[in-house]
Amino acid sequence: MSSVPPAAARRTLTLALIGNPNTGKSTLFNALAGMHARVGNFPGVTVEKKTARIQAEGHDLLLVDLPGTYSVSPRSADEMVTVDLLLGRQADVPAPDVVVCVLDAANLSRNLYLVSQLRDMGLPLVLVLNMWDVAERRGIQIDREALARRLGVPVVCTEAHRRRGLDNLKETIVGTADREPPPPKKLFPEPFYRECELLTSRLRDDGAEVPAAYLVERLLLDHGGYVEAGFLRRDDGKLQEDLREARSRLAAEGCTLPAVEARVRYRWIADILQDIVHIPTERPVTLSDRLDRLLTHRFWGLAIFAALMFVVFQSIYRWAGPLMDIIETAQGMAGDWIAGSISPGPFRSLLVDAVVAGIGSVLVFLPQIAFLFFFIAILEDCGYMARAAFLMDKLMSKVGLSGKSFVPLMSSFACAIPGVMATRVIENRRDRMVTILVAPLMSCSARLPVYLLLIGAFVPATAYLGGWISLQGLVLFAMSSLGAVVAIPTAWILKKTMFRGETPPFVMELPSYKWPSPAIVLHRVWDRSAAFVRRAGTLIFATTVLVWAAGYFPADHTRVHQLRAELESRESDSENPPEGPAAEELLQQIQAEEGRLIAQSFLGRAGQAIEPVVRPLGWDWRIGVGALASFPAREVIIATLGTIYSLGGDVDEEDEGLLGAIRSARWPDGQPVFNLPVALSVMVFFALCAQCGATLMVIRRETNSWRWPLVTFTYMTVLAYVGALATYQIGMRLLGG
């Protein structure tokens with residue numbers, strides 16, 4: 001063990017973790033970081049940044065978990081983040097003192113391709129042969145010491161999911177930090193390096209900042225890559241011509257780009273591994289192989305997956321429901337306590353209707369998020385999630401997505417917030433962005449109260465097949481499925497327009513099955529739940545306060561406060577019980593006054609201002625106000641309609657008074673506001689519109705930009721309006737209206 005340095009000699013060592021997907025890199029990060037991880041985004045891109053500060057061997061370590069990748073040949077701004085960080089060009093993260101490359105010990109040949117590129121960067125490397133136990137079970141023998149000698153870098157064996165080998169890894173990291181990395185080995189033919197020198201001289205002569213040698217190599221190798229695009233943006237056109245001529249000269253000398261890269265790197269890998277790795281000629285049939293015959297079967301695999309997803313989402317709904325009820329009850333108790341402690345007025349309304357309601361609207365999502373990520377963590381850690389993506393890839397590829405998009409989209413049927421957060425399992429940026437943008441179209445549970453209210457009020461209770469099928473049930477199924485149906489062409493259009501590019505081949509290593517680690521599963525649940533509260537909580541809370549203010553001001557609430565104080569005084573008077581005609585009359589006056597005040601508020605005025613816009617949908621200003629008020633959270637429309645129709649804001653979708661009020665609502669000419677086409681129009685609007693401020697805020701956090709929540713809000717609002725317009729107009733024509 002190395003000695004602990006004195007405090008004056010201690011410094012923070014930056015450690016970058018990199019590796020192929022499914023090598024256990026994130027598991028190793030979590031094992032090292034414990035509960036110290038912080039999750040964010042690198043500035044200006046959608047790449048997640050996971051960091052942690054820990055102590056090892058008397059040194060402070062800053063761990064940075066980089067996205068899983070098969071190479072460091074950047075094709076986008078997101079992928080360039082990894083290269084910039086490794087080269088010390090990322091402003092918010094220091095240059096790494098040590099790069100830890102995590103390899104799957106059972107797949108060294110494929111994993112060493114990334115190692116060969118990292119060596120070209122001249123970085124201080126530590127190689128981790130993770131999942132060492134899996135390699136041993138397969139009969140694979142690796143001479144670790146010989147591998148370390150040939151590569152010239154330390155090699156450590158670990159079993160991250162069992163936390164084995166971590167102490168040796170920490171000691172090796174600290175010991176490597178102050179060593180000179182081995183010089184890059186020249187793998188390419190000499191003409192390639194000669195052309196790189198010519199390009200460097202050309203850039204220097206133009207007065208441009210001379211880039212790292214690795215970037216010059218990528219400039220020449222990656223035709224149409226992100227490095228080339230970045231240089232050409234600052235060039236007058238001469239560089240593009242120089243690149244074309246350089247590539248032509250190399251092709252004439254038998255060094256065709258980019259094909260030469262794979263050839264020389266895999267030849268180097270074969271030389272390195274010769275006589276070091278011994279793989280049995282007959283691969284033993286493992287338990288994973290036997291399970292895969294069933295779980296990846298084209299019929300039984302899909303059937304098992306569908307059944308598993310059904311159980312998962314039913315469990316989320318059933319298990320999260322009681323916890324959500326507890327949170328809502330606690331929210332109500334807190335509101336009642338405040339109401340009993342403070343006299344009616346703006347301050348009490350702010351605390352009860354904005355602060356408590358805002359905090360509650362954040363925390364009420366936590367049970368669903370925690371349970372969803374609990375199941376995702378189990379499925380990922382045991383190795384099944386990769387099989388699920390493999391099974392669904394054929395279906396998802398029809399719209400240009402990969403199988404990895406399926407689980408986030410399925411998650412969005414419970415709530416779009418965890419669905420959007422679950423897109424982090426998608427490495428391809430275009431696929432991840434399209435999945436994020438269509439996830440809010442899935443019909444989440446918050447839309448259900450609107451469907452139940454309007455279906456119960458206006459859809460006939462007609463039954464078919466002896467009562468087994470009802471018209472109301474069919475309409476509910478149609479509304480619940482509408483978003484998913486619309487998402488299919490929407491995703492296809494997005495992939496053909498804003499996210500053009502070839503759909504990458506679906507390449508996924510199927511890891512061996514293993515028992516999930518309870519510590520890792522719980523850590524991931526904690527990490528994602530805390531990230532939601534930390535990231536979305538403040539923004540959701542702020543939105544709730546703004547909506548409260550818009551619905552409260554500028555009307556004078558003195559009269560309603562006086563009436564409410566009188567009612568509360570009556571309720572506290574033991575000699576004058578609150579029941580009776582007098583109390584009922586007071587309550588009716590309060591409800592009528594609140595309905596008048598919301599009509600005079602900024603929110604009400606906005607509703608009346610947009611009535612000409614929503615009139616073609618069959619809506620009056622009251623429905624417009626309900627729609628406006630529900631943009632932060634669509635379930636708010638029930639309480640808003642209750643207030644507008646002078647019933648109070650504590651009604652629900654089964655309230656008979658609200659059902660009667662909307663049935664009896666009239667236009668000034670006496671015609672009913674609501675009928676079946678209007679009800680269907682409202683439901684279609686709610687099925688397609690982005691009425692969830694929490695989801696938009698999470699999209700903002702996940703994409704690190706306001707652009708994408710604005711795009712989501714805009715396209716979904718247009719879709720909702722057009723869908724509601726077509727529904728009402730066609731419905732009225734069918735009814736002869």
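The values are calculated or read from the model by the stated rules, or taken from the named source; none is laboratory data. These figures come from a predicted structure and were not determined experimentally. Because the Cβ atoms are built from the backbone with ideal geometry, glycine has one as well, and the counts that use them run over all protein chains shown. Side chains included, ligands, DNA and RNA excluded: accessible areas come from the protein's heavy atoms. Shrake-Rupley method; radii C 1.70, N 1.55, O 1.52, S 1.80 Å.
Table for the structure above
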quantity	calculated
Residue satisfying all of: in segment 126-139; open to solvent by less than 20 Å² (accessible area, probe 1.4 Å) and either closer than 21 Å to residue 288 by Cα or touching a helix residue (DSSP H, G or I) at 6+ places or on another chain (Cβ under 6 Å) (or both); modelled with the lowest pLDDT among these	134
Residue among 95, 16 that is under 26 Å from residue 116 (Cβ atoms), modelled with pLDDT of 80 or more, among the aliphatic types (A, V, I, L, M) and part of a loop (DSSP other than H, G, I, E, B)	95
Those residues of segment 614-626 which are part of a helix (DSSP H, G or I), at pLDDT 80 or above and under 19 Å from residue 687 (Cβ atoms), in sequence order	614, 616, 617, 623, 624
Residues being touching a residue at least 60 places away in the same chain (Cβ under 8 Å), closer than 30 Å to residue 732 by Cα and of a type in the set (S, T, N, Q) - total across segment 670-706	3
Helices (runs of 4 or more DSSP H) wholly inside segment 336-435 that include at least 1 residues being under 22 Å from residue 310 (Cα atoms)	366-382, 384-396, 406-411, 416-421
Qualifying position, being within 24 Å of residue 716 (Cα to Cα), among the basic types (Lys, Arg) and modelled with pLDDT of 75 or more, among 387, 348, 430	430
Unique residue being assigned to a strand (DSSP E or B) and either touching a residue at least 12 places away in the same chain (Cβ under 8 Å) or in contact with an Asp or Glu (Cβ under 7 Å, 6 or more places away or on another chain) (or both) when the list is 72, 126	126
So residue 380, is it touching a residue at least 12 places away in the same chain (Cβ under 8 Å), surrounded by fewer than 19 Cβ atoms within 10 Å (Cβ to Cβ) and of a type in the set (D, E, K, R)	no
Residue list for segment 246-269, restricted to those being of a type in the set (Gly, Ala, Ser) and under 15 Å from residue 223 (Cα atoms)	246, 248, 251, 259, 262
Some residue of segment 490-502 being small (Gly, Ala, Ser) and at pLDDT below 70	yes
Segments classed as helices (runs of 4 or more DSSP H), wholly inside segment 177-278, with at least 2 members that are free of Cβ contacts under 8 Å to residues at least 12 places away in the same chain and open to solvent by less than 100 Å² (accessible area, probe 1.4 Å)	190-205, 226-233, 238-252, 259-273
So residue 670, is it out of contact with any Asp or Glu (no Cβ under 6 Å at 6 or more places or on another chain) and buried (at least 23 other Cβ atoms within 10 Å of the Cβ)	no
Scope segment 279-297; condition open to solvent by 100 Å² or more (accessible area, probe 1.4 Å), modelled with pLDDT of 80 or more and not β-branched (Val, Ile, Thr); matching residues	290, 293
Residue satisfying all of: in segment 405-414; buried (at least 23 other Cβ atoms within 10 Å of the Cβ) and at pLDDT 75 or above; nearest to the chain's Cα centre (by Cα) among these	408
Residue among 156, 115, 98 that alone is open to solvent by less than 10 Å² (accessible area, probe 1.4 Å), under 17 Å from residue 218 (Cα atoms) and under 37 Å from the mean Cα position of the chain (by Cα)	115
Subset of segment 213-234 [at pLDDT below 85, more than 18 Å from residue 256 (Cα to Cα) and of a type outside the set (Phe, Trp, Tyr)]	229, 230, 232, 233, 234
Flag if residue 286 is touching a residue at least 24 places away in the same chain (Cβ under 8 Å), over 33 Å from the mean Cα position of the chain (by Cα) and under 30 Å from residue 145 (Cβ atoms)	yes
Flag for residue 333 being at negative phi and open to solvent by 80 Å² or more (accessible area, probe 1.4 Å)	yes
